[in-house]
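Visitor: Pasting in a structure now, in structure tokens, and then I'll have a few things to ask.
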Amino acid sequence: MTRTKLKIQTLPEYSELKILINHPMENGRNRDLDGRLIPAHFIETLTVERNGIPVLILQMGGSVAKQPFLSLRLAPLAAGERVRVSWQDNQGQTDQVEQLMAAP
């Protein structure tokens, strides 16, 4: 089961990518109900690729809210182009989602 969702809307002027990641994004400074520190667990790097070429490499940290939602705009995507979103967290977990643009 993927933890990352990608939705793409293409308009004549641009394509908008909406990315939702199911991730706890713990900074390592919060405590549980028993007063123990919750270990840090956050996404370190998120990459957006267009046809295999990185267009965004985002360095993230524990200060980002859990279940991060990102929205970005690219030059319009054409049919047959491929968009991939991937990430890696500080515990070595990874996920990726890929979408091939269909003909209108």
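Here, each number is a calculation from the coordinates, and none is a lab measurement. Please read all numbers here as calculations on a predicted model, not as lab measurements. Don't worry about glycine lacking a Cβ; one is built from the backbone with ideal geometry, like all the others, and counts go over all protein chains shown.
Visitor: Which FRET efficiency value, to the nearest 0.05, do you get for N51 and Q93 by plugging their Cβ-Cβ distance into 1/(1 + (r/R0)^6) with R0 = 30 Å?
Guide: 0.70
Visitor: Can I ask one more? Each residue of the range 54-65 in order: what ³J(HN,Hα) in whole Hz does its phi give by Karplus 6.51 cos²θ - 1.76 cosθ + 1.60, θ = phi - 60°, with x for Gly and Pro?
Guide: Ordered by residue, 3J(HN,Hα) equals x, 10, 8, 10, 10, 8, 10, x, x, 7, 7, 4 Hz.
Visitor: Can you compute 3J(HN,Hα) from phi for each residue in the range 75-85, using the Karplus curve 6.51 cos²θ - 1.76 cosθ + 1.60 with θ = phi - 60°, rounded to whole Hz and x for Gly and Pro?
Guide: My calculation for the range 75-85 gives 4, x, 8, 9, 4, x, 6, 10, 10, 10, 10 Hz in order.
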